[in-house]
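First up is the structure itself, then whatever we jot down about it.
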């Protein structure tokens, strides 16, 4: 039984949405963030990455950075660039990319559901990244980046969503990357009740993206409960900002690998070794894998097709993932990359960047590249349902939810 409730939203005032909306804080390097805020005084990235307001040598984890984030947010609210709805509501958030649309329900999920496993995870989190967002939420007194949740298609929600989408939207714009964004407010009592009950009937919600934001929001909530013995479990900090999408609308892109060297092997020796577990054939040119269990590799200006042999394929939810097969039978035993989370010889390239980016990396700072067939949403659900974890960098979701369009205030301590 999942709790997903309406909330009092702080959102951009009419006409400010496109100026404020920003990609998630963690898709930018420090240098990229500094460039992205130039000439954009209202971009939410200035709040999410407040170190951009300081000299380049400022420690990004300095408490003054977090204080600045809070100052920037609430000064924009005071200036009328944001408005706060007086009544709790749900919202719709539709993103359209390359002709494909996905529409999510914006609301607040329960930290108790996160703790109990009703909200299911498929990734580990890192303490230092959690601490960064904990301090950001505390300093802002608000959750500013939504967690991307998924649920199995639910007919009643789909009908309600289609009805709402017939109404004029609160906002509609196309961002610089060509993604369309539209939003609606759901404030009718009957509609809100229907949504609440539809989510309440669900056995589980799944984190698709935003594991660190979810972990941080939950920790802030539980810390505040501990500090307030009279807590009723209805306080805003007991819930975290989320956008929940039906699984049928979601698309996961490939998350590819590039490696710095061949672990001391020559080209022919390397090709011979990988044939123990993969059928290897040469390709005429650039090509993505077309089915599960297949990979394409770029090595010394040549593309190869690698097909996993039947004996290394598995029905296990984690071992059967293509990212696991590549790691367990090639990257680890042949190239000596035992821990891809910490090994500096490997890097990861989101599928949105295309195969040409893999070629570019091999021609500049890497030796070989591996393109993977995308993990499916059903595979993600299977791993989460089994209480297991995916290898790092298994999924790349597009389009990315924008920060700044919906904000959940939890109050400052």
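Fewest first, what order do 30, 360 take by the number of other Cβ atoms within 10 Å? Each step should come with its number before you reach the end.
Details: 30 11, 360 16.
Sorted ascending by nearby Cβ count, the order is 30, 360.
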Zone residues, the range 313-344, relative to residue 203, backbone N less than 18 Å from point 7 Å out along Cα-to-Cβ: 317
To test your reading of the geometry: what angle, between 0 and 90 degrees and rounded to tens, separates the Cα axis of helix 189-200 from the longest principal axis of the chain? 40 degrees
Does the range 251-315 come out rounded, prolate or oblate by the C-alpha gyration tensor, with a ≥ b ≥ c the root eigenvalues, rounded set by a/c under 1.5 and, if not, prolate when a/b is larger than b/c and oblate if not? oblate
The alpha-carbon center of the range 128-145 and that of the range 191-257 are separated, in whole Å, by 15 Å
So what's the back-of-envelope 222 nm ellipticity for the chain, counting only DSSP H runs of four-plus at -39500 (n - 2.57) apiece and dividing by all residues, rounded to 500? -8500 deg cm²/dmol
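Going by how many other beta carbons lie within 10 Å of each one, how would you line up 216, 13, 403, fewest first? Each step should come with its number before you reach the end.
On the way: 216 26, 13 14, 403 23.
Listed from fewest to most nearby Cβ atoms, that is 13, 403, 216.
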What residues of the range 118-158 lie in the reach of a label at residue 319, counting those whose backbone N is under 13 Å from a point 7 Å from the Cα along Cα→Cβ? none
Nitroxide proxy distance, nm - points 7 Å out along Cα→Cβ at residue 413 and residue 101: 4.3 nm
log₁₀ I(q)/I(0) of the chain at q = 0.07, 0.09, 0.11 Å⁻¹, via Debye over equal Cα point scatterers, no solvent, to two decimals? -0.36, -0.59, -0.87
Along the three principal axes, how long is the range 364-406 when you take its alpha carbons, biggest first, rounded to the nearest angstrom? 39, 34, 15
Between residue 189 and residue 265, with labels modelled 7 Å along Cα→Cβ, what's the label distance in nm to one decimal, could you check? 6.9 nm
Give, in nm to one decimal, the length gained when the segment between residue 128 and residue 88 is fully stretched (0.36 nm per residue of separation minus the Cα-Cα distance). 11.1 nm
Roughly how tilted is helix 127-140, in degrees to the nearest 10 and between 0 and 90, from the longest Cα axis of the chain? 20 degrees
Can you tell me how the range 1-102 classifies by the Cα gyration tensor, rounded, prolate or oblate, using a/c under 1.5 as the rounded cut? prolate
Cα centroids of the range 13-79 and the range 279-349: how far apart, whole angstrom? 38 Å
For the chain, the longest principal axis of the Cα atoms and the Cα long axis of helix 155-165 enclose an angle in degrees, to the nearest 10, of 70 degrees
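Write down the percent of antiparallel bridges among all DSSP beta bridges whose residues are both part of the chain, to the nearest 5.
That works out to approximately 90 percent antiparallel.
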Taking one equal scatterer on every alpha-carbon of the range 252-394, how large is log10 of I(q)/I(0) by Debye at q = 0.11, 0.13 1/Å? -0.37, -0.52
Shape of the range 27-71, Cα gyration tensor, a/c cut at 1.5: oblate
Inter-probe distance in nm under a simple model that places probes 7 Å from Cα toward Cβ, at residue 309 and residue 353: 3.3 nm
At q = 0.16, 0.17, 0.24 Å⁻¹, work out log10 I(q)/I(0) for the range 85-170 with the Debye formula, treating every Cα as an identical point scatterer and leaving solvent out; two decimals please. -0.93, -1.02, -1.40
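Values quoted throughout were computed directly from the atomic coordinates according to the rules given, and no laboratory measurement underlies them. Just so it is clear, the model here is predicted, and its values are computed rather than measured. All Cβ positions, glycine included, derive from the backbone under ideal geometry; neighbour counts span all protein chains shown.
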